[in-house]
Amino acid sequence: MAGRMVVGSAALAGLVRPASAPDPAGGHRVLPVRPELTGLLPNRGLRRGSTIAVGGGQTRPSGTTSLLLALLAEASRAGSWCAVVGMPTFGAGAAAEAGIVLDRLALVPQPGPEWPTVVAALIDGVDVVVTAVPSTVSASVADRLAARARQRGSVLVPYGRWDGADVTLQVVRGIWQGLGAGRGRLRRREVTISARGRGAAARPREVKVWLPGDELTRVVPGPAATARSGATRLRVVAGRG
């Protein structure tokens, strides 16, 4: 089953749970993420009420979409609802391959001028709300949406630059492997992900992972972490069966 396509804020009424309804994740304040990503987040997961930006700018390097999918996968598999707003090229097939449960995925590809209303409505009833950041979004609108996420216990994930995010994740380097001397196939991509933020996330961190990953992700034997230039580095490999 593909993710549920939602058009306009009026269609959200039958999808989101009322704010007073029981927390579908059992009241847990931190939603899980894949083990290789826990070191990037101060609570080792997606803390309810937080804003976790992915991308950090209008120009997003290769690997950023795979990072976004990996960030959602564990929470989705654990029972959380996720929504993706303003990303018409977001692929349900890629989401399913990453481990996202499509029966609990809502897609609003073209929110139009109702964007703030759509995102606010989803925050009221969906555990994790991903949204492409319009170039015209004002600081006041961004602040209101972040405040609403804190109040409702949703995790807001802006895809793009978002000043004031609790944590900003960004792919800073990427290396493809698989090509030989002019021949071969691209097999996997090693990416370096940086995390910066405020409060408990003020100390910058970095990890190296293979993206896209899957449930066969495994840590390469060796030192767990090495401090370099004030950043924590962890080498992780994702394989495919």
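The values are calculated or read from the model by the stated rules, or taken from the named source; none is laboratory data. Since we're looking at a predicted model, the values are computed, not measured. Counting neighbours? That spans all protein chains shown, and the Cβs are built from the backbone with ideal geometry, glycine included. Note: accessible area is taken over every heavy atom of the protein model, side chains too, but ligands, DNA and RNA are not part of it. Shrake-Rupley method; radii C 1.70, N 1.55, O 1.52, S 1.80 Å.
The table for this structure:
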{"item": "Residues satisfying the stated conditions in segment 38-57, i.e. modelled with pLDDT under 95 and among the hydroxyl-bearing types (Ser, Thr, Tyr)", "result": "Thr38"}
{"item": "Per-region count, segment 74-103, residues surrounded by fewer than 20 Cβ atoms within 10 Å (Cβ to Cβ), of a type outside the set (A, V, I, L, M, F, W, C) and in a helix (DSSP H, G or I)", "result": "4"}
{"item": "Entirely in segment 131-241, the strands (runs of 3 or more DSSP E) that have 1 or more residues that are farther than 20 Å from Ala73 by Cβ and modelled with pLDDT of 60 or more", "result": "155-160, 167-179, 184-197, 205-211"}
{"item": "Ala120 vs. criteria aliphatic (A, V, I, L, M), more than 18 Å from Leu37 (Cα to Cα) and not in a helix (DSSP H, G or I)", "result": "no"}
{"item": "Cross-chain or 6+ apart pairs with Cβ under 8 Å, segment 130-152 first and closer than 9 Å to Pro116 by Cβ and open to solvent by less than 20 Å² (accessible area, probe 1.4 Å), then assigned to a helix (DSSP H, G or I) and small (Gly, Ala, Ser)", "result": "Leu145/Ala120"}
{"item": "Ala96 vs. criteria at pLDDT below 95, among the hydrophobic types (A, V, I, L, M, F, W, C) and under 22 Å from Leu46 (Cα atoms)", "result": "yes"}
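Conditions (1) under 18 Å from Leu211 (Cβ atoms); (2) at pLDDT below 95, marked per residue:
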position	(1), (2)
Leu12	no, yes
Leu15	no, yes
Thr65	yes, yes
Gly86	no, no
